[in-house]
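The values are calculated or read from the model by the stated rules, or taken from the named source; none is laboratory data. Source: prediction; values computed, not measured. We place every Cβ from the backbone using ideal geometry, glycine too, and count neighbours over all the protein chains shown.
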Amino acid sequence: MNMDAVQLFFDIVGAFFVLYMLGYASFLFLAVAVGSSTLYQLKRRNHLKNELLQEYYVPVSIVVPAYNEEITIVSTVRSLLSLEYKLYEIIVVDDGSTDRTAAALVEAFGMEQIARPIHRMVSCQPEKAVFEAPNLKVPLTLICKKNGGKADALNMGINASRYPYFVCMDADSVLQYDSLEKIVRPVLEDGTVVAVGGAVRPCNGAEIQGGRVVSYHMPSRILPCMQVLEYDRSFLAARILFDRFNGSIIISGAFGLFKKSLVIDAGGYDTTTMGEDMELVVKLHVFCREHNIPYRIRYATDAICWTQAPDSLSDLCKQRRRWHIGLFDSLTRHRRILANPKYGLVGFISYLYFLIYELLSPYIEIFGVFTVIAAFALDLINVPFMILFFLIYVLYSAILSLTAFFARIHTIDLKLSVTDILKAVGLCALEVSFLRFILAWVRGTALLGYRKKKQQWGTIQRQKINFQ
Amino acid sequence: MRIEFMLYFYGAVCISMLAFNVAYAVLLRSGESRLTRRTRRLTAAVEEQLGRLDQGLPVDSRHLSALRRKLRRVNNLTAFDRTLRPLVLQRGDDPSLQAYLIQLQPCILYLALIYRKRETTQTAYFSYFLSRYMLQQHMPVQSLQDVLLSYMARENLYCRVNALQALCSFGNAQHVMEALHLQDRGAVFLHEKILTETLLTYTGDHDALISMIWDALDTFSPHTQLALLNYIRFRSGSYPKEMFALMEDPGQDKEVRLSAIRYFGRYHYAPALEPLLAFAADQDPSRWEYATVSASSLARYPGEQTVEALKQALHSGNWYIRCAAAASLEAQQVDYADLMDIVNGDDRYAREIMTYQRESHRIQKAGVAP
């Protein structure tokens, strides 16, 4: 083998990785700096009453798609009924569950079957039965339909909804008592807002009563603990940054608000993808830009939804596999956005970031690991420098995770014990040096056989939510 | 070597961030205790002045000049807000407290001018402060309201909302009208719900304000007109003639006319029946919104003519018109026998929606959720 060619190969790979890491480090730094400062500014603004203090109610339909959610669905609906908001309805769509999801709801709320016609504005599988509940604080509807996947269930919810805005959420999540009020605020503040993403936070370790967090600890298990840190660094900070230039291309399916008429005009949720939440947001960008509709897609950091972070590694892997397939679907379907001036910064920054640092990153990282092994075998690596590089990387990521984490904790007045702080400090290094690589492998292999899984619901082990 | 430099540079940036974070956390904690200390000191000072007022003495001029000096800082103003809040709650009608607030006027006016030049978040806070303490009784000062109008011109949503709120709490119709014109001309969006709800908090004579709105309605943009008409609808049923004219004027904006139609759904007005029936019967697909809102409003006009019109509307090709018609028929509690031709008829869509409305009403009436 020509050693010069090998050396050249490793030089090129080395230069590529330096640029790659530099890009990522700069983005992460920018995201965390902007994210933290935004959270602190928001706290100051609220302290100085720069917020809407009157009660202004925009009517909202909450759509809860459910598949085999027998364990959690009743407490989820009870939590929704306790929200401090006056003008909303709840629509649960049972997507052909094989367990007692529908029966549990019917029994718990004394629901009665009714022949309700549903206006088909976006396509979905037909309904089998519709139930309504009597005399609750707000209307509660249960629609049992033929199985068609989460997107299909959401489309059914849109069809059945009565109000001009709808909120989509997961059946295993709990909305904070003021989350609806907070998520509609951007709509009241700006007439062009068509969608708002809420802040999704792992509820593992939080005790929630009446939609309020009464005590908060880092989760007792290591895996959810690391996810708490990861959520703050990767999701919270990046989304705040993208929000600055109307560049959000993802609103989590766990909690988001949408203008119904626009979603219908854009064709509703795509039932052929696993990442229906991201696909919809990208589609809204494309639709509005192509039809010259002035629009804003916002992120409400104070509209909080508590969700269950997977407790086991196998569940976490399943979740991340789904997310990666969804990302792949969304980016490939709307590839014309990439670097297209018509789509502004969405095409140049958001799309590019998700393409390089989310979709391709597992492959790049796995390639990087193999290259290091090969270089080591050929004695072409400076081992002390490599170790130093890795340690700086761990330190850097860990500190940014902690910055984002503490910024969130301080600005929402949560109190942490010394043990929790030590846990956060200890686990953030573990997260970036181990979990990240495990998840890179999972995401890297996610696309194998993905066509078969596209319309399936995720089957993550549910636990009863501790909602009182 | 350059790579190593970059690595160390990024490491240093991170450590600076961490240091900033720790410093901020410490500041945050000490800030709260400083605010508590300031509030305690101000409470003692105000209590002392209330004691003087109880004895028939005026507020000490040294106290007023100290307030003028201290309250220029927004952190002291928040402490003063915390001081006044429990006092107003516990002894809002106490003559001493009322006298104290009145003697505070020159100080507040001085501060209004100071905060006019501050960044908008602080200006917005000052407007909030003004609207909070029942200022309509203590601050009928023309110049203060002029300052608030200048706040309305600031390009910050919260500044405008808080200033409008404060003006509404003064209860001067002329100033509220000026504020409405200012927001209508401005670049900052004010949602019609915010406008409507804030106007509903107006503490003066609503009829006087509404009369001024009618006189100037044409000078506003359709967006503001809609908010104003919604305010009138929620506030008073005394303006059917004006609303009727708007409803019948094809030159008006669609949303304005729809708002007028909704007015007749809230307040019965016999002359509106004929036009409402005509709107509901309109087959033009481009005018479906008029037909839908009219079908809803007809719920307030029971009678054979209305029932026939609504039954016809049930056969409409438009989903929303059918829904509105069925809901109105149900709201009027039309006898089942009178709907036999619908529930046993050939039109599946009319039958389904009517049956659903009946069933839904029955469930709500009969059932009691656990």
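Against the definition (in contact with a Ser or Thr (Cβ under 6 Å, 6 or more places away or on another chain), crowded, with 24+ Cβ neighbours inside 10 Å and of a type in the set (A, V, I, L, M, F, W, C)), how does A:Ile251 come out, yes or no?
It is false that A:Ile251 is in contact with a Ser or Thr (Cβ under 6 Å, 6 or more places away or on another chain), crowded, with 24+ Cβ neighbours inside 10 Å and of a type in the set (A, V, I, L, M, F, W, C).
In this structure, does B:Ala337 turn out to be aliphatic (A, V, I, L, M) and within 19 Å of B:Ala299 (Cα to Cα)?
Yes.
Within segment A:404-412, identify whether any single residue is charged (D, E, K, R) and part of a loop (DSSP other than H, G, I, E, B), and answer yes or no.
no
Report every pair of residues separated by at least 6 positions or lying on different chains whose Cβ atoms are under 6 Å apart, first residue within segment A:45-63 and more than 10 Å from chain B (Cβ to nearest Cβ), second assigned to a loop (DSSP other than H, G, I, E, B) and modelled with pLDDT of 90 or more.
Partner pairs satisfying both residue conditions: A:Pro59/A:Leu87; A:Pro59/A:Tyr163; A:Val60/A:Tyr163; A:Ser61/A:Ser161; A:Ser61/A:Tyr163.
Within segment A:153-196, count every residue that is under 22 Å from A:Ile114 (Cβ atoms) and of a type in the set (D, E, K, R).
1
Looking at segment A:349-402, which of the residues that are in contact with a Gly (Cβ under 7 Å, 6 or more places away or on another chain) and modelled with pLDDT under 85 is nearest to A:Phe242 (Cα to Cα)?
A:Tyr396
Which residue pairs have Cβ atoms closer than 7 Å, lie 6 or more positions apart in sequence or on different chains, and pair a first residue in segment B:132-153 that is closer than 20 Å to B:Gln103 by Cα with a second residue that is among the aromatic types (Phe, Trp, Tyr) and modelled with pLDDT of 55 or more?
Between residues of segment B:132-153 that are closer than 20 Å to B:Gln103 by Cα and residues that are among the aromatic types (Phe, Trp, Tyr) and modelled with pLDDT of 55 or more, the close pairs are B:Leu135/B:Phe170; B:Gln136/B:Phe170; B:Met139/B:Phe170; B:Gln145/B:Phe170.
Could you figure out which of (1) of a type in the set (A, V, I, L, M); (2) in contact with a Phe, Trp or Tyr (Cβ under 7 Å, 6 or more places away or on another chain); (3) buried (at least 21 other Cβ atoms within 10 Å of the Cβ) isn't true of A:Val106?
Looking at each condition in turn, A:Val106 falls short on (3).
Could you grab me the full set of residues in segment B:173-191 that are surrounded by fewer than 20 Cβ atoms within 10 Å (Cβ to Cβ), of a type outside the set (Phe, Trp, Tyr) and in a loop (DSSP other than H, G, I, E, B)?
B:Gly186, B:Ala187, B:Val188
Taking segment A:287-317 as the search range and keeping residues that are surrounded by 19 or more Cβ atoms within 10 Å (Cβ to Cβ) and assigned to a helix (DSSP H, G or I), which one is modelled with the highest pLDDT?
A:Cys288
Being in a helix (DSSP H, G or I), at pLDDT 85 or above and touching a Cys at 6+ places or on another chain (Cβ under 9 Å) is the requirement here; does B:Ile353 meet it?
yes
Among A:Phe29, A:Phe10, which is of a type outside the set (Gly, Ala, Ser), outside any strand (DSSP E or B) and away from every other protein chain (no Cβ under 13 Å)?
Answer to the check: A:Phe10.
Among the listed residues A:Ser220, A:Ser179, A:Ser215, identify the single one that is crowded, with 22+ Cβ neighbours inside 10 Å and either under 21 Å from A:Phe405 (Cα atoms) or more than 19 Å from the chain's Cα centre (by Cα) (or both).
The match here is A:Ser179.
Considering only residues that are assigned to a helix (DSSP H, G or I) and of a type in the set (A, V, I, L, M), look in segment A:318-349 and name the one that is surrounded by the most Cβ atoms within 10 Å (Cβ to Cβ).
This residue is A:Val346.
Output the number of the condition that B:Thr203 fails; it satisfies all remaining conditions of (1) outside any helix (DSSP H, G or I); (2) of a type in the set (S, T, N, Q); (3) under 27 Å from A:Asp190 (Cα atoms).
Answer for B:Thr203: the failing condition is (3).
Of all residues in segment A:411-435, which are surrounded by 19 or more Cβ atoms within 10 Å (Cβ to Cβ) and under 13 Å from A:Ser401 (Cβ atoms)?
Selection gives A:Lys423, A:Ala424, A:Leu427, A:Cys428, A:Glu431, A:Val432, A:Leu435.
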